[in-house]
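Scroll down for the structure; my scribbles are underneath it.
Laboratory data are not the source of any read-out in this text; all were calculated from the coordinates shown. All of these numbers come straight from a predicted model, not from anything done at the bench. Note that each Cβ is placed from the backbone with ideal geometry, even for glycine, and that neighbours are counted across all protein chains shown.
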Amino acid sequence: MDTLVISCMDPRLNEYLDEKYIRNKKYGKVEIWRNAGGRVTTDRKLIEYILKNKAKRVILAPHTDCKAKLHIYEALEKGIKNTANDEIVDEAIGFLGCAEFRNREECDKLLDTKEQAYLKERLEKARIDVELDVVDISKLSLPKHDGEGKLVISSIMDVESKKLAEKAGVELPSCYIIQGPNLKGLHADIELALSLGIQKVSRVGEQNFE
Ligand SMILES: [Zn+2]
């Protein structure tokens with residue numbers, strides 16, 4: 001693998017990620033890892049995967065108007081005490097530490113830069129670049145759709161989301177995609193997706209996973 005892109009499950013990113021990263025020869029062999037929010041997880045498995053597969057660069061591709069990030073922001077606004085037992089929020093708290101923010105945009109930005117710094121620090125020795133590509137949703141031309149979101153969980157990381165949607169029998173504009181090499185322990189992401197009203201769960205991939 002040459003490039004690992006970490007991004008959000010949001011269907012509005014499907015076309016963007018396909019075009020910019022999968023179809024673009026510039027990034028070499030690309031794999032996409034998507035979760036709720038395009039978060040960097042502190043699970044050791046992420047670093048191990050990047051090193052084991054000898055990635056030359058990692059690109060963090062979170063986006064504006066992210067529902068998962070809104071979930072984090074609202075939980076933090078309500079106070080840290082109320083956020084226990086929410087893995088996604090707990091991890092964000094770990095990244096943010098005592099850093100202060102005045103609004104949602106600042107909270108998003110802070111998280112992005114802290115996550116980038118976290119990876120940079122751990123990948124520096126292996127000379128792996130960590131870039132940040134914050135996708136401005138308002139600048140994308142998105143196909144219209146009014147159907148409900150459908151969740152697809154995949155262990156295949158090197159194909160276009162278009163293909164995954166096809167395999168799952170889901171329309172691309174409504175297809176939320178959670179994907180990664182190890183799909184165990186995704187309950188927090190799936191739970192958040194379901195809380196956003198995303199109904200159906202399809203699975204695509206070769207590996208067995210929970
Ligand atoms: Zn998102």
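What is the fewest-to-most order of Thr113, Thr3 by other Cβ atoms lying within 10 Å of their Cβ? List each step's numbers first, then the result.
Numbers: Thr113 14, Thr3 21.
The order, fewest Cβ neighbours first, is Thr113, Thr3.
Neighbour counts of other C-beta atoms within 10 Å: give me His71, His187, His63, His145 arranged from fewest to most.
In order of increasing Cβ crowding within 10 Å: His187, His145, His71, His63.
Which GluC sites (Glu not before Pro) does segment 85-124 hold that lie in a coil by DSSP with at most 16 other beta carbons within 10 Å? If you can, show how the numbers build up before the last one.
On the way: sites: Glu87, Glu91, Glu100, Glu105, Glu106, Glu115, Glu121, Glu124; in loops: Glu100, Glu124.
The qualifying sites are Glu100, Glu124.
Considering Cα pairs under 8 angstrom that are at least six residues apart, work out the relative contact order of the chain and quote it in whole percent. Walk me through the numbers on the way to the answer.
Numbers: 339 pairs, mean separation 58.3, N = 210.
Relative contact order here is 28 percent.
Tell me the relative contact order for segment 69-183 as a rounded percent, counting alpha carbon contacts under 8 Å between residues six or more apart.
Details: 85 pairs, mean separation 19.6, N = 115.
Once divided by the residue count of segment 69-183, the mean separation gives 17 percent.
Would you please report the Å³ per residue occupied by the convex hull of the alpha carbon atoms in segment 73-149? Mind dumping the intermediate values first?
Numbers: hull volume 12.7 nm³, N = 77.
Convex hull volume per residue, Cα atoms: 165 Å³.
Given DSSP loops and a limit of at most 14 other Cβ atoms within 10 Å, what is the longest stretch of the chain that contains no such trypsin sites (Lys or Arg not before Pro)? All intermediate terms of the calculation are to be shown ahead of the outcome.
Numbers: sites that count: Arg23, Lys29, Lys54, Arg102, Lys125, Arg127, Lys144, Lys184.
It runs 55-101.
Using amide H atoms built in the peptide plane, which far-off residues or other-chain residues are under 5 Å from Gly185 H to H?
Hits under the 5 Å cutoff: none.
Over the Cα atoms of the chain, what Rg and Dmax result, in angstrom?
Gyration radius and largest Cα-Cα distance of the chain: 16.3, 47 Å.
In the Gaussian network model of the chain, springs joining C-alpha atoms below 10 Å, which of Gly169, Gly180, Gly147 carries the largest mean-square fluctuation?
Gly147
Ratio of alpha-carbon Rg to the 2.2 N^0.38 Å globular estimate for segment 113-202, to two decimals, please. Let's see the in-between values first.
Details: Rg = 15.8 Å, N = 90, 2.2 N^0.38 = 12.2 Å.
Rounded to two decimals, the normalised Rg is 1.30.
Given Cβ point charges of +1 (Lys, Arg) and -1 (Asp, Glu) and nothing else, what value in debye, to the nearest 20, does the dipole of the chain about its Cα centre take?
On the way: 35 positive and 37 negative charges, 136 e Å.
Charge dipole of the chain: 660 debye, to the nearest 20.
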